[in-house]
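The values are calculated or read from the model by the stated rules, or taken from the named source; none is laboratory data. Only a predicted model underlies this, so the values are computations on that prediction, with no experimental measurement involved. Methodologically, a virtual Cβ is constructed for each residue, glycine included, from the backbone with ideal geometry; neighbour enumeration extends over all protein chains shown. Protein only, heavy atoms only, side chains kept; ligands, DNA and RNA dropped before computing areas. Shrake-Rupley method; radii C 1.70, N 1.55, O 1.52, S 1.80 Å.
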Amino acid sequence: MEARPVHFLDIRREFPSPQFEVIPLRHDMWRNGMVVRMPNHLGDAVMALPALGQLRKIVPANCALFCIAPAGQRALYHALPFVDGVLGLEQVHKAWSREEFLALRQQRFGIGVLFNNSFRDALTMYLAGVSNLYGAKARCRSFLLRRAFAFPPRPDRAPAEIHHANRYLAIATALGAPPWDGALPEFRLTPEADELPAQITALCAHPKLLTIASGAAYGAAKRWPGECFREVAAHWIAQGGIAVVLGSESERAIGDEVIAGLDARKAYNLSGRTSLIELMHLLKNSVLCVANDSGIMHLAAALGRPGVAVFGPTDYTATGPIGANWHLLYEKLECSPCFRRECPSGDQKCIRAITPAMAIAEMDAIVAERTCRVRKTAAQ
């Protein structure tokens, strides 16, 4: 059976999470404000941004909203005007340093929300004086939390039909935050475009910039083959565009595979060669993005860019992009979604069922929709 695109429109309606009793936070709890432990992975962090924005709306005017996040993601939160500060953790899978612990303790936050499942972080935040903690019930940490929210377990080899963004929103709503209206956060990207490195500025200025996320931190099983991305890039370049592969330094070899044999003046591999803020500028200025299920996919969607995403062993109902105008390609096999880092059978049938022609058809449809909107606007 041929894989069919899923046009992601409204995750709030399509894949809702359980709803919990609403118990607003008391005024005597706040002290200096709220601190939110954001997820470690970039994609999960982006999916938590709607809930973070809703929590901001219940923070009293004389209090602050801080985030705890990996140090490498500071630029993401600095770009959000509603975030007052970031405590960056240098080693997220190890105990906090003394300096990090003291930095949190000195802020004297009254309320903490955990958007991850870590016992260590819950205990560290509690010992740092954040006595009113809220988060998902996980890893025997409920005794540390004022409220622990129980979510259903992930089903085996079946779509969860509960989007991660809605899980975070369910916690925010239970604390008294208003329902999310679907509006994506507004990013304040600094430095300005003309202050970026010359190459980044030139690429951002191109009217037909395609960004490609051919890597995926979770594992090889969820990566569409490099030759498939190359065919997509070649099609785009033939239409007068340029293609830029984005990712981490560890994904540079994958990017080299994507651009192999393409015109070096029109195909670029910048994996590991951009800062996070430079990556955000490139995504923001692209016409569209073609990606695996990855952090870059989520970031592009949050920045308001349309795109095409290829899903294999992961679950699009749980981790599809939160922005509209994304076309998702997914083939349901009896063994998927398996969430394995490496394909157990070694053939990656689920993700190889998606062909370049399918992705190109969706890209062309997005461009046609965009052209139609531009013409309507001009006619008005």
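Here are a few things to note about the model shown:
- At q = 0.11, 0.14, 0.19 Å⁻¹, base-10 log of I(q)/I(0) for the stretch 113-267 (Debye sum, equal scatterers on each alpha carbon): -0.75, -0.96, -1.11
- The residues of the stretch 276-368 expose, per residue, 29 Å² of accessible area to a 1.4 Å probe.
- 15 Å Cα-Cα reach of LYS222 towards aspartates and glutamates, excluding residues that sit fewer than 8 places from it in its own chain: GLU251, ASP293, ASP315, GLU331, GLU342, ASP347
- Just so you know, the Cα atoms of the chain work out to an Rg and Dmax of 21.1, 64 Å.
- GLU192/ARG154 FRET efficiency (R0 51 Å; Cβ-Cβ; nearest 0.05): 0.75
- Packing around the peptides 269-276, 371-378, 221-228, taken as the average count of other Cβ atoms within 10 Å per residue, puts them in this order, highest first: 221-228, 269-276, 371-378.
- Under a 5 Å amide H cut-off, with hydrogens placed 1.01 Å from N, ARG37 pairs with ILE68, VAL113, LEU114, PHE115 among residues at least 5 apart or on other chains.
- Carbon/sulfur fraction of accessible area - the stretch 218-269, other protein chains in place, 1.4 Å, %: 50
- Rounded if a/c under 1.5, otherwise prolate or oblate - the stretch 276-356, Cα gyration tensor axes: prolate
- Cα gyration tensor, the stretch 115-194 - rounded (a/c under 1.5), prolate or oblate: oblate
- Approximate spin-label separation ARG13-GLU342, in nm, with each point projected 7 Å along Cα-to-Cβ: 4.4
- Taken about its Cα centre, the chain carries a charge dipole of roughly 960 debye when the Cβ of each Lys and Arg holds +1 and the Cβ of each Asp and Glu holds -1.
- The stretch 131-284, relative contact order in percent, only Cα pairs under 8 angstrom and at least six apart counted: 17
- Rolling a 1.4 angstrom probe over the protein heavy atoms with all chains in place gives the stretch 128-273 an accessible area of 46 Å² per residue.
- Ordering of 151-159, 212-220 by packing is 212-220, 151-159, highest average first (other Cβ atoms within 10 Å, averaged per residue).
- Rounded percent of accessible protein surface that carbon and sulfur make up, the stretch 271-352, 1.4 Å probe: 45
- A Cβ-based charge dipole, computed about the Cα centre of the stretch 74-211 with Lys and Arg at +1 and Asp and Glu at -1, lands at about 820 debye.
- Solvent-accessible surface (1.4 angstrom probe) belonging to LYS94, in square angstrom, nearest 10: 120
- Of the GluC sites (Glu not before Pro) found in the stretch 1-106, the ones in coil according to DSSP and having at most 10 other Cβ atoms within 10 Å of their Cβ are GLU2, GLU21.
- Per residue, the average separation of C-alpha pairs within less than 8 Å and at least 6 apart gives the chain a relative contact order of 20 percent.
- For SER97, the accessible area of its heavy atoms, probed at 1.4 Å with every protein chain present, is near 40 square angstrom.
- Extension gain (nm, one decimal) between ALA361 and ASP263, 0.36 nm per residue minus Cα-Cα: 33.0 nm
- Solvent exposure ordering (accessible area, 1.4 Å, most first) of LEU114, LEU102: LEU102, LEU114
- Spin-label pair GLN199/GLN239, simplified geometry with 7 Å Cα→Cβ offset, distance in nm: 2.6
- Rolling a 1.4 angstrom probe over the stretch 1-153 with all protein chains present gives an accessible area of which 53% lies on carbon and sulfur atoms.
- By the helix-only formula, in which each DSSP H run with n ≥ 4 contributes -39500 (n - 2.57) and the sum is divided by residues, the chain has a 222 nm mean residue ellipticity of -9500 deg cm²/dmol.
- By the Kirkwood approach, averaging reciprocal distances over each pair of separate Cα atoms, the stretch 325-368 gets a hydrodynamic radius of 12.0 Å.
- Three-way shape label, the stretch 213-276, alpha-carbon gyration tensor, a/c 1.5: oblate
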